[in-house]
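Data first, discussion second: the structure below is written as structure tokens.
The values are calculated or read from the model by the stated rules, or taken from the named source; none is laboratory data. In this text, all values refer to a predicted model and were calculated from it rather than measured experimentally. For neighbour counting, all protein chains shown are included, and Cβ atoms are generated from backbone atoms with ideal geometry for every residue, glycine included.
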Amino acid sequence: MVFDSVHVSTSIERAAHDVYLFASNPRNLSAWASGLARREVEFVDGVWLIDSPMGRVTVAFAPLNQFGILDHEVTLPSGEVVVNPMRVIPNGDGCDVVFTVRRRAGVDEAEFSADTEAVAADLETLRNLMQA
């Protein structure tokens, strides 16, 4: 089975390394990713815990790397694990940030559209923070 995917992106006038370091730190999620983290993120027993619009979730990022890979898994309150591919790609003196939104089983078109719009808003917030 192949799920519908939408690639949401933004360009940021800041070095890819700077954007990657900021976005890869789970403690910064509440500053730019309101679609995921509404309050401060907690690190408890080796797990990042987040109060999200979906309820209490955990998030696990790919290990720090030199390639700008920010893939992360979000474990929902139901136990479902959602894999979110994300990249910070150098682009001249700045970078592009690309997030792949995948439609999960049982999610209708309106919910999928809302998820995509939330990611776009989060990336815009990230851009504004990094360009300030």
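If you scan the range 98-115, which residues turn out to be surrounded by fewer than 16 Cβ atoms within 10 Å (Cβ to Cβ) and within 18 Å of Met54 (Cβ to Cβ)? Write out each step before concluding.
First pass over the range 98-115, keeping only residues surrounded by fewer than 16 Cβ atoms within 10 Å (Cβ to Cβ): 104-111, 113-114.
Those that are surrounded by fewer than 16 Cβ atoms within 10 Å (Cβ to Cβ) and within 18 Å of Met54 (Cβ to Cβ): Arg104, Ala105, Gly106, Val107, Asp108, Ala110, Glu111, Ser113, Ala114.
Within the range 45-58, identify whether any single residue is modelled with pLDDT under 95, touching an Asp or Glu at 6+ places or on another chain (Cβ under 6 Å) and surrounded by 13 or more Cβ atoms within 10 Å (Cβ to Cβ), and answer yes or no. Let's see the steps before the verdict.
Taking the range 45-58 first, the residues modelled with pLDDT under 95 are 45-58.
This time we only want the ones that are touching an Asp or Glu at 6+ places or on another chain (Cβ under 6 Å), so: 49.
Then keep just the ones that are surrounded by 13 or more Cβ atoms within 10 Å (Cβ to Cβ); that gives 49.
Yes, the range 45-58 has at least one match.
So which residues in the range 76-97 are among the polar types (S, T, N, Q), at pLDDT 95 or above and farther than 17 Å from Ser5 by Cβ, if there are any at all?
Start the filter on the range 76-97 by keeping residues that are among the polar types (S, T, N, Q), which leaves 78, 84, 91.
Narrowing the set further to residues that are at pLDDT 95 or above leaves 84, 91.
Of everything in the range 76-97, just one residue is among the polar types (S, T, N, Q), at pLDDT 95 or above and farther than 17 Å from Ser5 by Cβ, namely Asn91.
Need the failing condition index for Thr100 against (1) among the hydroxyl-bearing types (Ser, Thr, Tyr); (2) without any contact (Cβ under 8 Å) to a residue 40 or more places away in the chain; (3) closer than 16 Å to His7 by Cα; (4) not in a helix (DSSP H, G or I), just the number.
Status for Thr100: all satisfied but (2).
Of the residues that sit in the range 60-97 and are charged (D, E, K, R) and part of a strand (DSSP E or B), which one is surrounded by the most Cβ atoms within 10 Å (Cβ to Cβ)? Before you say what the answer is, go through the steps one by one.
Taking the range 60-97 and keeping what is charged (D, E, K, R), we get 71, 73, 80, 87, 93, 96.
Those left that are additionally part of a strand (DSSP E or B): 73, 87, 96.
Working: Glu73: 14, Arg87: 19, Asp96: 17.
Only one residue fits best here, namely Arg87.
Would you be able to tell me the number of residues in the range 1-27 that are touching a residue at least 12 places away in the same chain (Cβ under 8 Å), assigned to a helix (DSSP H, G or I) and not aliphatic (A, V, I, L, M)?
Counting residues in the range 1-27 that are touching a residue at least 12 places away in the same chain (Cβ under 8 Å), assigned to a helix (DSSP H, G or I) and not aliphatic (A, V, I, L, M) gives 5.
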